[in-house]
């Protein structure tokens, strides 16, 4: 999770593509150069340990766009394939 956030922060679309699960990734991955990522807070994790093949990470990623602060709150699912973790998708959040 942290490495994918870092890839967004430095604009490494190739890394994001390579760490996105082939079953769910788009044909093309781009990074918006107008967004400046300013921080990551991991809120919760579920599974994802050395003996797991799946895991979840809930996080808030802060950014600035057009000079305005904003954030992305997501619970992401990851799957291990051939010993490497891949981003699968975001878990649907229920409205509070």
Would a scan of the stretch 54-64 turn up a residue that is assigned to a loop (DSSP other than H, G, I, E, B) and in contact (Cβ under 8 Å) with a residue 12 or more places away in the chain?
no
Among 51, 70, which is out of contact with any helix residue (DSSP H, G or I) (no Cβ under 6 Å at 6 or more places or on another chain), without any contact (Cβ under 8 Å) to a residue 12 or more places away in the chain and assigned to a strand (DSSP E or B)?
70
Hey, residue 30 touching a strand residue (DSSP E or B) at 6+ places or on another chain (Cβ under 9 Å), surrounded by fewer than 17 Cβ atoms within 10 Å (Cβ to Cβ) and on the phi < 0 side of the Ramachandran plot or not:
no
For the stretch 1-24 the number of residues that are touching a residue at least 24 places away in the same chain (Cβ under 8 Å), over 23 Å from residue 69 (Cβ atoms) and either surrounded by 15 or more Cβ atoms within 10 Å (Cβ to Cβ) or in contact with a helix residue (DSSP H, G or I) (Cβ under 7 Å, 6 or more places away or on another chain) (or both) is 3
Quick one: in the stretch 73-89, of everything that is surrounded by 14 or more Cβ atoms within 10 Å (Cβ to Cβ) and touching a residue at least 40 places away in the same chain (Cβ under 8 Å), which residue is farthest from residue 21 (Cα to Cα)?
76
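Laboratory data are not the source of any read-out in this text; all were calculated from the coordinates shown. Computed from a predicted structure; not experimentally measured. Virtual Cβ from ideal backbone geometry, glycine too; neighbours counted across all protein chains shown.
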